[in-house]
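J.: Just passing along the structure, written as C-alpha cells.
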Amino acid sequence: MAEISIANISKSFAGTIILEGVSLDVANGEFLTLVGPSGCGKSTLLRIIAGLEHQDSGTIAIAGSSVDMKAPKARDLSMVFQSYALYPYMTVEENISLPLTMRRMGTLQRLPLLGGLLPGAGAIRREIAVEARQVAESLGIAHLLSRRPGQLSGGQRQRVALARAMVRQPQAFLMDEPLSNLDAKMRVKARAEISEMHRRLQATFIYVTHDQIEAMTMSDRVAVMMHGRLLQVDPPQRIYDEPKTLEVARFIGTPEINVLPGTVRHDGAIEVFDKIWPVVVDAGRHAPVSVAVRPEVWEVAQQPGEGSLLTGTVRHIELLGSETLLHVSFAGSAASVVARVEPTVATRYRLGSPIHLAVDPARILVFTENGKRAATLTRSVPSQVRNLHG
Ligand SMILES: Nc1ncnc2c1ncn2[C@@H]1O[C@H](COP(=O)(O)OP(=O)(O)O)[C@@H](O)[C@H]1O
Ligand SMILES: [Mg+2]
C-alpha cells in the first residue's frame, strides 16, 4: 500500500479545460473521496492516476516515485468501475481470478488445454483458486463462484467486481462510482461493505462519486471538486460544519443549506430582513453577504422569544418518519428556509401557522459576495446587538 501524490495536474480535451492545477496528497491507508457534480472532471482525474489517460502537465507519484512514464499495469492499482466490467462468458471464479492469472501465468500457460500440459501451470492455478475463494468468502459470494455474471443480481455483480479488485494487493484501490447501478437499499448495504473492506485491508482508497452521502459516510477525507478544481479537502464533518465557500456549503448536505441575503452594517454586525443577527464579520462595510444556516440548526418556536431572528409562515410540511421538514416563507420576500425538526415538535404546526426561528450564533455561516467564507465573531457582540436581546 502506498501514498499517492497528485501535483498540479491539468488536462484539456479539444481546447476545453477539464482539470486545472489539481493537487492532492492521499496518505497511505487513507480513504479519500473525490466528490462533485457530474462532468466536473472526477473520472478524468482518476483515469490519469491509473494511467488510462495522460495529463497535459503535472505529476502523479505513487509511494514517493513518479509514475508519469509508467503504463497502467506497471502502476499496480486496482480499479472498480461503475459498469463493473465483468466478462460475461467467464464464471465468477474466472472473473475474480483474472488479475492473478494475468500476473502469474505466461501467455501459453493461460491457454485452457495446452496450458495444463506446461510445467508449473497446474500448481499456479490451484494456488489462484484458493486465493479467489478466500476473497469470495470474505464478501459472501463463495456460493456464486461457478455462475456467470448474467445470472447475478446487481448487488452480487458489484461484489464480484470488488472481489476482483481485492484479489491481489495493489498499491491502492481506485473506485469510480461503483455503487451507482444499485438501488437505494443495496447502496446503503454496499457502502457499509466497502467501508468494512477498507478497514480490513487498511489500503489506500481513492473513491469517486457524485453522491455526497457516500462521500460523507465512508471517507477519512473528502475532496470537493467543481469545474476541474478542488475547492476543499477536509474530513467529512469539517466540510459540513466549516465549508470554505458557498458552493461547498450548498453541495454538501441534504436538504440543502438555507441561504438568506444579508448586509454588513457600519459596525460589522449583520442585518437580515431588517433585523440584526448576533454575528459580527470582518468584511467590507455595507457589503451584501450570504447568511447560511443548516436545516437542523434552527430552533423553532410558536411564540417569539428573545433570540428570535426570523418570523415566517409554514408553507409546506414534509414528513420523513424520523424527522419532519418545515418549509417556511417570509412576508415580502422570495426567500424561504427549511427547518429540520423532530416529528413531535412538527405536530405543533399546520400549513399557514406562524413560526419563529432562532439559531445558535456559533452555527451561522457568512459568505462574502465572492462566495468565500467570512470569519465571524459571536462572543464580543457589539452593544447594539446585545440590546436587541435585552
Ligand atoms: N476522452 C474525452 N474526450 C473529450 N472530452 C472528454 C473526454 N473524457 C471526458 N471528457 C469531458 O470532460 C468533462 C469531465 O468528464 P468526467 O471526468 O467524466 O467528469 P465526471 O466523472 O466528474 O462526471 C466532461 O465534460 C466530459 O464530457
Ligand atoms: Mg465520472
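J.: Of the residues Gly120, Gly115, which single one is surrounded by 15 or more Cβ atoms within 10 Å (Cβ to Cβ), in the same structural domain as Val167 (by TED's automatic domain parsing) and modelled with pLDDT under 80?
T.: On the way: Gly120 fails: surrounded by 15 or more Cβ atoms within 10 Å (Cβ to Cβ).
After applying the criteria, what remains is Gly115.
For (1) among the polar types (S, T, N, Q); (2) away from ligand 2 (no atom under 16 Å from the Cβ); (3) open to solvent by 20 Å² or more (accessible area, probe 1.4 Å), each residue gets a yes or a no:
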{"position": "Ser5", "(1), (2), (3)": "yes, yes, yes"}
{"position": "Ile17", "(1), (2), (3)": "no, yes, yes"}
{"position": "Asn28", "(1), (2), (3)": "yes, yes, yes"}
{"position": "Phe31", "(1), (2), (3)": "no, yes, no"}
{"position": "Leu34", "(1), (2), (3)": "no, no, no"}
{"position": "Lys42", "(1), (2), (3)": "no, no, no"}
{"position": "Ala50", "(1), (2), (3)": "no, no, no"}
{"position": "Thr59", "(1), (2), (3)": "yes, yes, yes"}
{"position": "Ala71", "(1), (2), (3)": "no, yes, yes"}
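J.: Kindly list, by first and then second residue, each pair from a residue in the stretch 133-151 that is free of Cβ contacts under 8 Å to residues at least 60 places away in the same chain to a residue that is basic (Lys, Arg) and open to solvent by 70 Å² or more (accessible area, probe 1.4 Å), limited to pairs with Cβ atoms under 9 Å and residues at least 6 apart or on different chains.
T.: Qualifying pairs under 9 Å: Ala142/Arg133; Leu145/Arg133.
J.: Taking strands (runs of 3 or more DSSP E) that fall entirely within the stretch 164-266, which contain at least 2 residues that are more than 16 Å from ligand 2 (Cβ to nearest atom) and open to solvent by 10 Å² or more (accessible area, probe 1.4 Å)? Show your work before the answer.
T.: Numbers: elements: 172-176, 205-209, 221-226, 229-234, 258-264.
Once the strands (runs of 3 or more DSSP E) in the stretch 164-266 are filtered for at least 2 residues that are more than 16 Å from ligand 2 (Cβ to nearest atom) and open to solvent by 10 Å² or more (accessible area, probe 1.4 Å), what remains is 229-234, 258-264.
J.: For the stretch 101-108, check the following and say yes or no: at least one residue is without any contact (Cβ under 8 Å) to a residue 24 or more places away in the chain, away from ligand 2 (no atom under 16 Å from the Cβ) and open to solvent by less than 50 Å² (accessible area, probe 1.4 Å). Walk me through it before giving the result.
T.: First, pick out the residues of the stretch 101-108 that are without any contact (Cβ under 8 Å) to a residue 24 or more places away in the chain: 102, 105-108.
When the remaining residues are screened for being away from ligand 2 (no atom under 16 Å from the Cβ), the result is 102, 105-108.
When the remaining residues are screened for being open to solvent by less than 50 Å² (accessible area, probe 1.4 Å), the result is 105-106.
Yes, some residue in the stretch 101-108 is without any contact (Cβ under 8 Å) to a residue 24 or more places away in the chain, away from ligand 2 (no atom under 16 Å from the Cβ) and open to solvent by less than 50 Å² (accessible area, probe 1.4 Å).
J.: Would you say Ser353 is small (Gly, Ala, Ser) and in contact with a Ser or Thr (Cβ under 9 Å, 6 or more places away or on another chain)? So that I can check it myself, show each step before the final result.
T.: Values: small (Gly, Ala, Ser): yes; in contact with a Ser or Thr (Cβ under 9 Å, 6 or more places away or on another chain): yes.
Here the answer is yes, as Ser353 does meet what is asked.
J.: Quick check on my filter: what residues within the stretch 337-371 are over 25 Å from Arg238 (Cα atoms) and open to solvent by 70 Å² or more (accessible area, probe 1.4 Å)?
T.: Thr344, Thr347, Arg348, Arg350, Leu351, Pro354
The values are calculated or read from the model by the stated rules, or taken from the named source; none is laboratory data. Owing to the predicted nature of the structure, the values given are computational and were not obtained by experimental measurement. Cβ atoms come from the backbone with ideal geometry, glycine included; neighbour counts cover every protein chain shown. Note: areas computed on protein heavy atoms with side chains; ligands, DNA, RNA excluded. Shrake-Rupley method; radii C 1.70, N 1.55, O 1.52, S 1.80 Å.
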